[in-house]
């Protein structure tokens, strides 16, 4: 008999043994595939159900199994869901609403000086989360996790939630009396208000009705057991309602995973939408290298801004602009590129033979030169402009006229944005004595193609005759003669 009593005692100790709780009070959010890995060597029913769990619930969070895991899971998820909603006003409204429920605590016999410290811990967390949302600093999740991993602060908030559940049960006897099997006061003292007591179904319903649903939040509890099926069972669901009693459309949900004697927290993938990824532009940055740029390049336009004068093509015609040699290199990456070999310039055009009478030297601060432009793009196509041509230097009006020999290769040198044209006047035109121009019809004389017309870009004032331009009288419809 002594041996039998001893064996029975050991058996009782074995049945009552609980390993010490380890790990954080509330763990980090992680993939729910870890649960499937945990049950790889378990019963086939558990393996099937846990293998299908990640398809519906992408994440989960552990709670320490120290007898308060259910209370801790509901309290933590309540604050986390308010934080996910992201509305500062909602957090402030919850503080006001919970404060109004203190009348129920007073009616249930709880003294204010007893529960005020626990209330302040819960309200302080609400204010911290609201300040984080207001500042948009993203520190809210860390504040929440640190608060619930502090044992004293977490137990103060859990105790406050216990008192709210107890006061709600005692103020609604018709809803809970049939499930308590004793008077409600005694039941609450033994199964809810006690320091070491796990949450039961009655307390879950009380918290859902008093704290969760009035905040506009729903609650789901999933049960992992050995019942037939390929997925875990939904054992409890509470949905919030509006002021008319109708369920809210798509409310934020709190989800718990219940395994016999233990609660954890579940999440769906849509509870934490992935941040928006902004695609980088596909076009690489453009690197422009200015070759041959000298500090003495000064545009002569005085009526333009400095920026506008640096844009090719924006320089006014005839101001004597001088653009340096430019190389536009487009690199697919910002890495340094090998230096290109210098581009050989065109051979200078032979200077035509010119017989000029002795005149005073003409000084100029500009160096007349044109360098070719080499454009290198991604496919390394090269574009070369025509060889430069030379413009003659016109003497001052007081100097004797220049005697020039016409050569077939004579062309005009332009430093501006215009290409040379075959329809240009020959060099030295108009420098000699004035002579009658051919084809001086009335139509041509009054058009902008006539260099004697003020609308012509190359307007020659010395060719304009105001007498013929503004002649009065009716000449009839006969042909006009040149002036």
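The values are calculated or read from the model by the stated rules, or taken from the named source; none is laboratory data. Predicted model, so just to flag it, every value in this text is computed and none were measured. When we count neighbours, we look across all protein chains shown, and the Cβ atoms used for this are built from the backbone with ideal geometry, even at glycine.
Results for (1) in a loop (DSSP other than H, G, I, E, B); (2) at pLDDT 95 or above; (3) exposed (fewer than 11 other Cβ atoms within 10 Å of the Cβ); (4) under 39 Å from the mean Cα position of the chain (by Cα), shown as yes or no for each residue.
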| site | (1), (2), (3), (4) |
| --- | --- |
| 12 | no, no, yes, no |
| 19 | yes, no, yes, no |
| 22 | yes, no, yes, no |
| 65 | yes, no, no, no |
| 78 | no, yes, no, yes |
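One residue alone among 230, 193, 198 is in contact (Cβ under 8 Å) with a residue 40 or more places away in the chain and surrounded by 15 or more Cβ atoms within 10 Å (Cβ to Cβ), and that residue is 198. In the stretch 58-72, the residues that are without any contact (Cβ under 8 Å) to a residue 60 or more places away in the chain reach residues that are crowded, with 20+ Cβ neighbours inside 10 Å with C-beta atoms within less than 7 angstrom, at least six apart or across chains, in these pairs: 64/25. Regarding residue 235, is this residue part of a strand (DSSP E or B) and either modelled with pLDDT under 90 or more than 15 Å from residue 85 (Cα to Cα) (or both)? Yes. The set of residues in the stretch 244-258 that are under 39 Å from the mean Cα position of the chain (by Cα) and not in a strand (DSSP E or B) comprises 246, 248, 249, 250, 251, 252.
With respect to (1) surrounded by 12 or more Cβ atoms within 10 Å (Cβ to Cβ); (2) within 26 Å of residue 262 (Cα to Cα), the lone exception for residue 124 is condition (2). Among the residues of the stretch 43-57, those that are touching a residue at least 12 places away in the same chain (Cβ under 8 Å) and within 20 Å of residue 31 (Cβ to Cβ) comprise 46, 48, 49, 50, 51, 52, 53, 54, 56, 57. Among the candidates 208, 238, the residue that is surrounded by 14 or more Cβ atoms within 10 Å (Cβ to Cβ), in the same structural domain as residue 70 (by TED's automatic domain parsing) and in contact with a helix residue (DSSP H, G or I) (Cβ under 7 Å, 6 or more places away or on another chain) is uniquely 238.
Inspection of the stretch 111-122 identifies at least one residue that is in a helix (DSSP H, G or I), under 37 Å from the mean Cα position of the chain (by Cα) and in the same structural domain as residue 144 (by TED's automatic domain parsing). For residue 177, the stated conditions do not hold, so it cannot be described as out of contact with any strand residue (DSSP E or B) (no Cβ under 9 Å at 6 or more places or on another chain), buried (at least 17 other Cβ atoms within 10 Å of the Cβ) and farther than 27 Å from residue 29 by Cβ.
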